[in-house]
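K.L.:
Below you will find the structure I want to go over with you.
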Amino acid sequence: MCGIVAYVGSKHCQNILIEGIKRLEYRGYDSSGLATLHNGKLIITRAVGRVASLEDKLEAMGGQPGTVGLVHTRWATHGGVTEFNAHPHRDDRVGIAVVHNGIIENYAALKTLLEEKGHKFSSQTDTEVLAMLIGELYEGDLESAVQAALREVTGAYAIAVICEREPETLVVARKGSPLMVGVGNGEYVVASDGAAIISHTSQAIMLDDYNVVKITPKGFRTSTIHNVPVTHKIHQLELELEEIELGAFSHFMQKEIFEQPKALRNTFRGRFNSDEGRVILGGLADHAKELVKTKRVVLLGQGTALHAAMIGRYLFEDLAKIPSTSEFASEFRYRNPIIEENTVAIAVSQSGETADTLAALVEAKDRGAVTMGVINVVGSTMARETDAGVYLRVGPEIGVASTKAFVGQVAVLTMMALWLGRRRFMGANDCGDLLRQLNTIPDKMEQILSLDAQVKQITERYVERENWLFLGRGYNYPTAMEGALKLKEISYIHAEGMPAAEMKHGPIALINEGMPAVFIANRGKQYEKVMSNIQEVRARGGHVIAIATEGDNEIKHYAEDVMYIPDIPECLSPLLAVVPMQMMAYHAAVLRGHDVDKPRNLAKSVTVE
Ligand code: M6R
């Protein structure tokens, strides 16, 4: 959601900024804009739509000079998708340009005050208010003006600011939205995430909330918004350029679906010993005594991460015998939740920046829960907020539709449940057996991925249908929800996922001739019941696409189409059952001609509540 890249150095920065912001396109946006300082004057170019439209404008004007600049992709919150509302915004007196991610919550009150002082606004955004406020407070020092303005502001922000009166200076700050400063040789590249920095330098400082950094070609200084100096560690970005490039694939989503076996091998590496029935999770070790006493687990997430959390609930109850709940972080946060003694709250998130999940995590912590993270992005806000946690290690996920992060989340939750179960009651043999099975998942996924052409053919048969159902039971009820979410978010086909048993309580009314119903019908405790639900759909003319266990020939009598997955214990089956549904969703979106990696209206990381 929104992206920022900024540059200070000795090179003309237009191309550096455009290359950087293109690497952040995956975050989701609807307009973009670039500001540079040249001969002490601001030049600002903005465009609605893709960054390519901004590039066309820049080319038409013969390029935009300047060695200090910033660029932004906007995902509209305040005000429609127009050029006037696109960032950068400028003030009307000093010559200040600002780009901003996040939301200034008290912008309306500030705007009224600024209007009373005679400022004229040309957009509907909260960011323009911030630009005017910095201009209003400017007394010859940009860093002080930014600090003073941020002391007046409530809400979340990552900002980058430049000013005509200080043409070699860039000031950046953060609270709630991520921002990092890449430290190169005589040059600095600031960005919302490492993908925009890594081709220039692998050294970066990660800003903490309320940090303000003043950067010039000669160096940088970090302070708080109250001007207290801050010392920062330089981090090594653990990111390879090839991880954020498409290679031979057509889309990042496709690349990430096919990367899942490799990603999970990374997730597992060094984290268990099947022969000894031991799970080794360094991120939990310091809290082992506390965690063993856990009486309740509350799993929090949104979207795909919530579906992983729902599977986590089954895992913690089944494998660790701990009462557990999973819920929308956004609902937990505002419903006065009860947190009893020895409650562990687990935030599940790919980005570690999702505002709803972060707010719920803080709420749970304030109410006395021990907090844990199941997060992909190292050093993200949630990773820093939690008491303990286990990283996914699946590598950067660029596709907006989450795929490898989902399997990473489920795999980590499985290991966590086994880690706890083993410390409470589970014997080494039982634990070892499941770990051995877990270890087979990457190879079994490869088998499923080799059936891509068959999955595509099946998808072709149904791709014109506008309404689909996804049904499963037990562990695979959340997996069915995930299948439906994948299909709807990139192909714009209406899809509902639900427990197979729930269908007859209402949704069955939707079933008409030829309606596709994807059933997760692997061999498990409720197999017979799922078969009955399949009959109910067929009796009403629905077409059944079954995800079934290899060797189940019987299912062919009940389903129009079958996609087989290898046999695996039920508690691990979501890790396999989700894969054909990801492939189907991908093919459906491509067949319908949609931009798979940039689905309409969606942002990769949703940093507003
Ligand atoms: O970064 P997070 O895992 O916290 O994101 C949560 C959801 O926004 C995310 O999973 C979303 O639902 C995906 N686009 C689904 O593919």
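The values are calculated or read from the model by the stated rules, or taken from the named source; none is laboratory data. Values in this document were obtained by computation on a predicted structure and should not be read as measured data. All Cβ positions, even for glycine, are placed from backbone atoms using ideal geometry, and neighbour counts span all protein chains on display. For the accessible areas, the whole protein counts, side chains as well, though only heavy atoms, and no ligand, DNA or RNA atoms are used. Shrake-Rupley method; radii C 1.70, N 1.55, O 1.52, S 1.80 Å.
K.L.:
Which residues, taken from the range 497-523, are on the phi > 0 side of the Ramachandran plot and surrounded by 15 or more Cβ atoms within 10 Å (Cβ to Cβ)? Before the answer, list the steps.
P.N.:
Our first condition is that a residue be on the phi > 0 side of the Ramachandran plot; within the range 497-523, this holds for 506, 514.
If the condition is that a residue be on the phi > 0 side of the Ramachandran plot and surrounded by 15 or more Cβ atoms within 10 Å (Cβ to Cβ), then no residue fits.
K.L.:
Has the range 452-464 got any residue that is open to solvent by 40 Å² or more (accessible area, probe 1.4 Å), of a type in the set (A, V, I, L, M) and either farther than 28 Å from M372 by Cα or in the same structural domain as K255 (by TED's automatic domain parsing) (or both)? Quick ask: steps written out before the conclusion?
P.N.:
In the first step, residues of the range 452-464 are kept if they are open to solvent by 40 Å² or more (accessible area, probe 1.4 Å); the result is 453-454, 456-457, 460-461, 464.
Applying the additional criterion that residues be of a type in the set (A, V, I, L, M) yields 453.
Adding the requirement that they be either farther than 28 Å from M372 by Cα or in the same structural domain as K255 (by TED's automatic domain parsing) (or both) leaves 453.
Yes, the range 452-464 contains a residue that is open to solvent by 40 Å² or more (accessible area, probe 1.4 Å), of a type in the set (A, V, I, L, M) and either farther than 28 Å from M372 by Cα or in the same structural domain as K255 (by TED's automatic domain parsing) (or both).
K.L.:
Scanning the range 571-609 for residues that are of a type in the set (S, T, N, Q) and in contact with an Asp or Glu (Cβ under 8 Å, 6 or more places away or on another chain), which turns out farthest from the ligand (Cβ to nearest atom)? Step through it out loud before you land on a result.
P.N.:
Taking the range 571-609 and keeping what is of a type in the set (S, T, N, Q), we get 573, 582, 601, 605, 607.
Checking which are in contact with an Asp or Glu (Cβ under 8 Å, 6 or more places away or on another chain) leaves us with 605, 607.
Working: S605: 5, T607: 9 Å.
Checking each candidate, the answer is T607.
K.L.:
I need a count of the residues in the range 465-488 that are outside any strand (DSSP E or B), away from the ligand (no atom under 16 Å from the Cβ) and surrounded by 20 or more Cβ atoms within 10 Å (Cβ to Cβ).
P.N.:
Filtering the range 465-488 down to residues outside any strand (DSSP E or B) leaves 465-466, 473-488.
Retained after the next criterion (residues that are away from the ligand (no atom under 16 Å from the Cβ)): 465-466, 473-477.
Then drop every residue that is not surrounded by 20 or more Cβ atoms within 10 Å (Cβ to Cβ), which leaves 473-477.
Adding up the residues that qualify gives 5.
K.L.:
Return yes or no: is A548 in a strand (DSSP E or B) and buried (at least 21 other Cβ atoms within 10 Å of the Cβ)? Before you say what the answer is, go through the steps one by one.
P.N.:
Values: in a strand (DSSP E or B): yes; buried (at least 21 other Cβ atoms within 10 Å of the Cβ): yes.
Here the answer is yes, as A548 does meet what is asked.
K.L.:
Can you tell me which residue among T414, T403 is within 16 Å of the ligand (Cβ to nearest atom), at pLDDT 95 or above, under 30 Å from H235 (Cβ atoms) and not basic (K, R)?
P.N.:
After ruling out the rest, the residue left standing is T403.
K.L.:
Ok, one more. Taking strands (runs of 3 or more DSSP E) that fall entirely within the range 277-391, which contain at least 1 residues that are open to solvent by 50 Å² or more (accessible area, probe 1.4 Å)? Lay out the reasoning, then the answer.
P.N.:
Values: elements: 296-301, 324-328, 343-349, 370-375, 388-391.
Here the list reads 296-301, 324-328, 388-391.
K.L.:
Still on this structure, please answer the following. When residues of the range 109-124 are filtered for being in contact (Cβ under 8 Å) with a residue 40 or more places away in the chain and open to solvent by 100 Å² or more (accessible area, probe 1.4 Å), how many remain?
P.N.:
First, pick out the residues of the range 109-124 that are in contact (Cβ under 8 Å) with a residue 40 or more places away in the chain: 110, 123-124.
Okay, now just the ones that are also open to solvent by 100 Å² or more (accessible area, probe 1.4 Å), so 124.
Selection size over the range 109-124: 1.
K.L.:
Would you mind stating whether N227 is under 26 Å from H100 (Cβ atoms) and either without any contact (Cβ under 8 Å) to a residue 40 or more places away in the chain or surrounded by fewer than 18 Cβ atoms within 10 Å (Cβ to Cβ) (or both)?
P.N.:
Working: under 26 Å from H100 (Cβ atoms): yes; either without any contact (Cβ under 8 Å) to a residue 40 or more places away in the chain or surrounded by fewer than 18 Cβ atoms within 10 Å (Cβ to Cβ) (or both): yes.
Here the answer is yes, as N227 does meet what is asked.
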